[in-house]
Amino acid sequence: MNRVNDEYWMAQALQAARKGFYSTHPNPRVGCVVVRKQILVSQGWHEFCGGPHAEINAIENTSIPPASDFYVTLEPCSHQGKTPPCVDALIRLKPARVIIAMQDPNPLVAGNGIEKFRAAGIEVVQGTLESEARALNAGFVSRMERNRPFLRLKMAMSLDGRTALANGVSRWITGTAARFDVQRLRAQSSAILTSAATIIADDPSLNLRLTKADLGQVTEVREPVRVVLDSKLRLTGSEKIFGTGGAIWIYTLNNNEADLDRLRDRGATVTVLEKSSNGHIDLLQLMSHLAAREVNEVHSECGATLAGALIRQQLVDELVVYIAPHLLGNQSRGLFDLGEITNMDSRVNCRIDEIRQIGEDIRLRMTLERQVI
């Protein structure tokens, strides 16, 4: 079969998968396209956790002719989970080929589905548009392969690198279009990470304000979990986030029962973690804990202290910075607290992956180099 044709149909499957971009958590985003003699027969995508997988949605309402080609963005599951194995359903249809973008990193699958196809005499083609498929499920892949979520750090600054005035006022540095864009980043995430210091200073809601129509999806909007680092339990329970619905997970070092009960009574799930060597919440332990709770993708909106700590511990997978066309002066607050850097070899280097104008602002997407500073 022509490789170009395979890439064309896999691109269609990836496009189908994106229709579940905001709704499949904690499952991966998966699309499936069925083709016979280069004619589209059917397509489907995974819509929500607990619902039918992409392959089942593609075949359940359509007669699939024998010897069809199945293009699937992720290896079909071979185990009994919340739904039956998709591999068995496809084998019964006697496909000519199954073209898979990437092997499933889930240890429960991890090549077992591919082997079942081959054992049934079905040709399997792997790796078609694999990098695109991995990028589509960066959070799921990270959780399975590294035992931690994919973490995006979002910051907003003026042209001179400032995030707020010296008195703490920061509304609004960026324009309406950029703030709408941030809502989309929140929507695609499993959790929004911030600190008690940010909650106390700004009293944000950190909720999702987009509807399913805004996001162009058929399923209801899923509210990301708000994850707050509050080592001393300074939150009172009267802050805005406690009145906006959705789950709140608070991580702390304070094991005082009265303080714990105060926030638990407001509906928060409070977890006491161990101190790190510097006396703060252990961020590596936090990431492992979030992975164990099936959090794929973390979107962080925080101040300079937590942002700097995440960068220093090399936990930031993607840095998104919105640059507003303003100048706030050198007395205003800076973007990251990285401590003193005394030589250029210790600087943090970034690779710019994308530059885009969002309204009146500029959005940079960057990857940080892995190094110790």
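A few remarks follow.
- Taking the longest Cα principal axis of the chain as reference, the axis of helix 3-17 is set at about 50 degrees.
- Among (1) 70, 42, 38; (2) 56, 50, 39; (3) 69, 46, 41, the entry derived from the coordinates for Cα extents along the principal axes in Å: (3)
- Within a Gaussian network of the chain (alpha carbon springs, distance under 10 Å), most fluctuating of 323, 122, 248: 122
- Those chymotrypsin sites (Phe, Trp or Tyr not before Pro) in the range 1-101 that DSSP places in a loop and that have at most 10 other beta carbons within 10 Å: none
- Radius 9 Å from Cβ of residue 324, net charge of other residues (Lys, Arg +1; Asp, Glu -1): -2
- Considering only 196, 292, 258, the Gaussian network model of the chain with Cα springs below 10 Å gives its largest mean-square fluctuation to 258.
- Environment charge of residue 139, counting only residues whose C-beta is closer than 12 Å and scoring Lys/Arg +1, Asp/Glu -1: +1
- Rounded to the nearest Hz, the phi-derived 3J(HN,Hα) couplings of the range 245-256 under the Karplus curve 6.51 cos²θ - 1.76 cosθ + 1.60 (θ = phi - 60°) are x, x, 6, 10, 10, 10, 10, 8, 10, 8, 9, 5, where x marks glycine and proline.
- Gain upon complete extension [residue 293, residue 132; 0.36 nm per residue less C-alpha separation]: 55.4 nm
- Length-normalised contact order for the chain - Cα pairs under 8 Å, 6+ apart - percent: 16
- Rg(Cα) / (2.2 N^0.38 Å) computed for the range 100-254, rounded to two decimals: 1.37
- Check: the range 3-136 dipole with +1 on Lys, Arg Cβ and -1 on Asp, Glu Cβ, in debye: 180
- At R0 = 22 Å, FRET efficiency that the Cβ-Cβ distance of residue 327 and residue 352 yields, to 0.05: 0.50
- The residues 83, 342, when put in order of fewest to most other Cβ atoms within 10 Å, stand as 342, 83.
- Helix 283-292 and the long axis of the chain differ in direction by around 30°, with both axes built from C-alpha atoms.
- Along the chain, counting only GluC sites (Glu not before Pro) with a DSSP assignment other than H, G, I, E or B and at most 14 other Cβ atoms inside a 10 Å radius, the longest segment between sites is 61-219.
- Length released on extending from residue 305 to residue 146, taking residue separation times 0.36 nm less the Cα-Cα span: 54.8 nm
- Among the trypsin sites (Lys or Arg not before Pro) in the range 1-48, those located in a DSSP loop and surrounded by at most 16 other Cβ atoms within 10 Å of their own Cβ are 37.
- Set of lysines near residue 240 by C-alpha distance (under 27 Å), chain-local residues within fewer than 8 positions excluded: 154, 212, 232
- Across the alpha-carbon set of the range 296-373, the Rg to Rh ratio works out to 0.96, Rh being the Kirkwood radius.
- Loop trypsin sites (Lys or Arg not before Pro), the range 125-227, which have at most 10 other Cβ atoms in a 10 Å radius of their Cβ (DSSP): 171
- Degrees between helix 176-187 axis and first principal axis of the chain (Cα, 0 to 90, nearest 10): 60
- Each of 25, 299, 326, 289 was scored by other Cβ atoms within 10 Å of its Cβ. Listed from fewest to most, they are 326, 289, 25, 299.
- √(5λ) per eigenvalue of the Cα gyration tensor, the range 17-154, largest first, Å: 24, 16, 14
- Neighbourhood charge, 10 Å Cβ-Cβ cut-off, centred on residue 23 and excluding it, Lys, Arg +1 and Asp, Glu -1: +2
Values quoted throughout were computed directly from the atomic coordinates according to the rules given, and no laboratory measurement underlies them. Given the structure is predicted, the values throughout are model-derived calculations rather than measurements. A quick note on method: Cβ atoms are made from the backbone with ideal geometry, for glycine too, and the neighbour counts reach across all protein chains shown.
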